[in-house]
Structure formats: C-alpha cells, structure tokens
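Laboratory data are not the source of any read-out in this text; all were calculated from the coordinates shown. Quick caveat: nothing in here was measured; it's all calculated off a predicted structure. Every residue, glycine among them, receives a Cβ derived from its backbone with ideal geometry; neighbour counts consider all protein chains shown.
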Amino acid sequence: MSKRILVTGGTGFIGSHTTVELQNAGYEVVIVDNLSNSEAKVADAIQQITGKKTAFEHVDCTDFSAMDHVFKKHDPIDAIIHFAASKAVGESVQKPLLYYRNNLVSLMNLLELMKKYTCQNIVFSSSCTVYGQPDTLPVTEQAPTKKAESPYGNTKQICEEILQDTCNAESWLQVVALRYFNPIGAHPTTLIGELPNGVPANLIPFITQTAIGIREQLSIFGNDYNTPDGSCIRDYINVVDLAKAHVVALNRMFENKKKSNYEFFNIGTGRGLSVLEIVDIFEKVSGVKPNYKIVSRRAGDIEKVWADTTLANNELGWKAEETVEDTLLSAWKWELKLQKEREKKQ
Ligand code: WQD
C-alpha cells in the first residue's frame, strides 16, 4: 500500500516538481492549493508527466475547517510536505500582515490537524533567508540565524521556531526543514515550470521574459557590492534537484533514520554565482543577450550567500546534480513553450 503524502502548495513551482518526484518514487499524492499563485491545470500536467492521478483539493491552508475536511476525507495521511506560503520578499515588505497571517496560520493549522489525525511527519519548506547575511561563507546549518531582512524571511524563521517548540512539546512529531537557496529552472519535459503572477519578482523569470520580449529591460539591482563584479551572489539550485531532496527527506523519516525529531538541512549547490555571471551564462546557453541596466540596490537584498551542503550530502545522501548551464537552458525552453502557447491563443 503506497504511503499517502499531503502536498500543500502542490500546483506551485516547487510543489509541482516535488509531486512529480514523489509519484515517480511510488508515493500517493494529495495536493492542497488555494491557486492564489498557481493554476489548476498544473495538476493535469503532472499527470501527463507521471501517468498518475493526484487528488486535488482547492483549499486555503488558513481555513481550518476546510483543512479538517481534507484530513478526514484522505485519512490516513502518512506525511505532509508544506510548500503553501506567500514568498515574494518585496511584497512582504508592503503587506506584512498578509504574510504573517498566511504563512504562520497555515502551519499552525497543519500541526493541530496532524495531532488530531495522528499524522506525525512533516517536511517544511524553509529558506536560506533565515541566515540573513552570514558572517562566513559557505554558510553551514550551525550558522546563527540573524534578524530577517524582510517579513517573508521572518515568517520562515518563526515557522522554524514553531516547529522546534512543537517538537519539544510533542514527542510524536517528526520534522525535516529544508533550507532552500535559490530554486530555478523547469522540468525537462517543459510541461511544468515557474509561472510567476504578473511582473516576476525573481531574477530568472525576469531574464527569460526579457529575452523573449515580454519585458523591455532587466534591472540589475546594484553593482556596488563587495563582490568580484559588484553584483549580488546567490546559490542557484535546479528545481528538480530540489524536488528530489524532499523525497530523500521523506524516505529518511519512514526508514526511521532521523537523529532527532527536528532536523534541518541546507539544500543548495554549494556554488555562488553573481547576477552578472548568471546573465552571461544565460546568453551562452540561449544565444540571446538580455537587455539590462544597472540600477540602485533593492531593499532587503543581502550581498552574498551560498550553501555548505556537507550535512545534506552526508546525512541525506543527496547532492545537486544539474549544472547551472542546463538549468538556465531548461528555464529558457520553458519560456519558449509558454510563448508558443500564448501565440496559439491569439
Ligand atoms: C536574486 C538576485 C537580486 C530580480 C528570494 C527569497 C528566497 C526564494 C527566492 C522562494 C538578487 C537580483 C532579482 C531582478 C535583479 N524565495 N535581481 N533583478 O531575493 O535571492 O531570494 O527568492 O523560493 O527565499 O529570499 O531571489 O531571484 O529575487 O534575486 O538584479 O529583476 O537577483 O537583487 O541579488 P532572492 P531573487
């Protein structure tokens, strides 16, 4: 009998790629999504890739009674992977209450329902933003968390604290928090990928939309940082590699290999690349030079961060496999596919 996994935010960018890998690994998946930042047709695309159906519940995780109904309907649920959250750094500065309510209430609802329905495993989508600007790089899991640079980052820190405190109080709870670096790219089938709502907040979709002509020009937020070329450095990880890390985390739980009931891991490549380097690599793999200009720094940006991935390599037996060249090419192929679909509709 396959284990049943509830994936909140399962039609989103990382959630959809993780659902594919879960089904490929033999897990049964129930997707819960409020479709605030994704589309229901993603569930059909997932089925096209894996040949397997997912149950889909159009529910908001902050709605306790609706979530109670989902748990009752799909009981027993063996584990949860919790992606559903608001995730735009800039937007969180403008709308902090929306971020605190959405990101904190959804997690608290899940934990209460996990107790009620005796579901003891949760993998939590955390972020390298919990580190702020690390003092030393690459950053390890032992680095101290610093005051978050944005309400978004703060919600990730608070969620980790809620999980840690609940683990201390409830011995049945098993948690693995995955601290993502910068997820990018698209599935090799180009059936799923990143679908930003409106003007992209993140670098890669802005680059591909500029290259395809949707956006006039990419603004590069500052080249006066203390980095080799002056632009910010990040650790860009392929979304399929990231998705596979969730399967490995689940397997670890079901095989009782965990060393404590609250574990957390950096999920990155271990390599830092600057914005200008990314633009150069994109040009090399796509043959298109995105039009860009240097503008002033973006509030909330940290200067440089990349992961020490030793713990995930050793404990999870996981490491990133895809090159940044192949990953940027997958993002470009996805953008070309979206363009073709737009042209068909005209
Ligand atoms: C990357 C670099 C920008 C856009 C955030 C969250 C993280 C994750 C990914 C959810 C920065 C520069 C960007 C643009 C630019 N969230 N940039 N022009 O801020 O590192 O991470 O999103 O999964 O948790 O913290 O990602 O892609 O926005 O920015 O110059 O139009 O690109 O300044 O240096 P970020 P990003």
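How would Glu149, Glu160, Glu170 line up from fewest to most surrounding beta-carbon atoms within 10 angstrom? Don't skip to the end; give the middle numbers.
Values: Glu149 17, Glu160 21, Glu170 13.
Placing the least packed residue first, the sequence is Glu170, Glu149, Glu160.
Run the dipole for the chain about the Cα centre, Lys and Arg Cβ at +1, Asp and Glu Cβ at -1, nothing else charged, and hand back the magnitude in debye, nearest 20. Write out the running numbers ahead of the final one.
Numbers: 37 positive and 42 negative charges, 103 e Å.
Taking the Cα centre of the chain as origin, the dipole is about 500 debye.
Any idea what angle helix 324-345 forms with the longest principal axis of the chain, computed on alpha-carbon atoms, 0 to 90 degrees, nearest 10?
90
Taking the Cα centre of the range 160-305 as origin and charging only Cβ (+1 Lys, Arg; -1 Asp, Glu), how large is the dipole, in debye to the nearest 20?
On the way: 15 positive and 17 negative charges, 57 e Å.
Around 280 debye, computed over the range 160-305.
Which of the aspartates and glutamates could be linked to Lys95 by a straight reach, that is with a Cα gap under 16 Å, when you skip same-chain ones fewer than 8 residues away?
Straight-line reach from Lys95, under 16 Å: Glu149.
Would you please give the residues with an amide H less than 5 Å from that of Glu57, counting only those at least 5 places away or on a separate chain, with H modeled from the backbone geometry?
Amide H to amide H, under 5 Å and 5 or more residues apart or across chains, Glu57 pairs with Ile31, Val32, Asp33.
Using the alpha-carbon atoms, what tilt in degrees (0 to 90, nearest 10) does helix 41-50 show relative to the longest principal axis of the chain?
80
Compute a Gaussian network model of the chain, connecting alpha carbons closer than 10 Å, and tell me which residue from Phe265, Phe71, Phe13 fluctuates the most.
Highest fluctuation among the options: Phe71.
Highest GNM mean-square fluctuation, the chain, Cα pairs closer than 10 Å: which of Gly287, Gly272, Gly300?
Maximum among the listed residues: Gly287.
Gain in length, His69 to Tyr100, computed as 0.36 nm per residue apart minus the alpha-carbon separation, to one decimal in nm?
Working: separation 31, 0.36 × 31 = 11.16 nm, distance 2.38 nm.
Separation in residues times 0.36 nm, less the Cα-Cα distance, equals 8.8 nm.
Residues with amide H under 5 Å of Ile220's amide H, sequence separation 5 or more or different chain, H placed in the peptide plane at 1.01 Å from N; which?
Correct list: Lys293, Ile294, Val295.
Net charge within 12 Å of Ser125 by Cβ-Cβ distance, Lys/Arg positive one each and Asp/Glu negative one each, not counting Ser125 itself?
Here the count lands on +2.
Non-local amide H neighbours of Lys304 (under 5 Å, H modeled in plane, Pro and chain starts lacking H): which ones?
Ile233
Can you give the net charge of the other residues whose Cβ lies under 13 Å from the Cβ of Leu242, counting K and R as +1 and D and E as -1?
Values: positive: Arg179, Lys244, Lys319; negative: Glu21, Glu194, Asp235, Asp241, Glu321, Glu322.
Overall, the nearby charge balance is -3.
Determine, for Thr309, Thr8, the number of other Cβ atoms within 10 Å of each Cβ, and report the residues in order from fewest to most.
Working: Thr309 25, Thr8 29.
In increasing order of surrounding Cβ atoms, one gets Thr309, Thr8.
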